[in-house]
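Input: a single structure, listed below in structure tokens.
The values are calculated or read from the model by the stated rules, or taken from the named source; none is laboratory data. These numbers come from a predicted model, not from an experiment. Here the Cβ is made from the backbone with ideal geometry for all residues, glycine too, and neighbour counts use every protein chain on show.
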Amino acid sequence: MLLKKKHKKTVTQVNRDKSPPSVWGDILYLVSKLLMVGFVLATLYFFVFGLLRYNDDGMKPALKDGDLVVYYRLDKRYSIGDLLVYSYKGKERVARVIATEGSTIDINENGLIINGSPQQEQDIYKETLLYKEGATFPMKVPAGQLFVLG
């Protein structure tokens, strides 16, 4: 039977086999890690989450002028009362979902009426004015759409 001799390395031999750590190697490693973290954060920001500085007072008391809004882009299942961020004419806006598809909306001098029921809100701080052009009321919310105010 033939046995192999094991070659044992001493501590000094082990240290001689490795090259000394390189400063440039460490810098390259750090830069690659920072780039990976930046890529993950950019992906999350542009595709999953969004940030918006709210500069209006139309959503008081839920949002105040200057608030920072963090929102989730992937969920498209909205319920009445949810806040959502949408883009209109290249500007991001925040609004509250008032009605979903199939609901009948009427806005007149008596206020907001949804499906024949007048809506009472205690957090209204200024008068809601009718648009001079655009939607005519009463209207039925089309399938796949929402009615928002904000």
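Pairing residues of region 125-146 that are farther than 29 Å from Arg77 by Cβ with residues that are modelled with pLDDT of 80 or more, at Cβ distances under 7 Å and at least 6 apart in sequence or on separate chains, gives Leu130/Ile107.
Summed over region 65-101, residues that are more than 30 Å from Gly116 (Cβ to Cβ) and among the small types (Gly, Ala, Ser) total 3.
Identify the residue in region 54-71 that is surrounded by fewer than 11 Cβ atoms within 10 Å (Cβ to Cβ) and under 12 Å from the mean Cα position of the chain (by Cα) and, among all such residues, is farthest from Gln122 (Cα to Cα). Before the answer, list the steps.
The initial filter retains those residues of region 54-71 that are surrounded by fewer than 11 Cβ atoms within 10 Å (Cβ to Cβ), namely 55, 61, 66, 68, 70.
If we keep only those that are under 12 Å from the mean Cα position of the chain (by Cα) as well, we get 68, 70.
On the way: Leu68: 24, Val70: 26 Å.
Per the criteria, the residue is Val70.
Given the structure, is Ala95 among the aliphatic types (A, V, I, L, M) and either more than 24 Å from Val141 (Cα to Cα) or in contact with a helix residue (DSSP H, G or I) (Cβ under 7 Å, 6 or more places away or on another chain) (or both)?
Here the answer is no, as Ala95 does not meet what is asked.
Of all residues in region 72-85, none that is under 20 Å from Gly58 (Cα atoms) has its Cβ atom under 6 Å from the Cβ atom of a residue that is surrounded by fewer than 10 Cβ atoms within 10 Å (Cβ to Cβ), 6 or more apart or on another chain.
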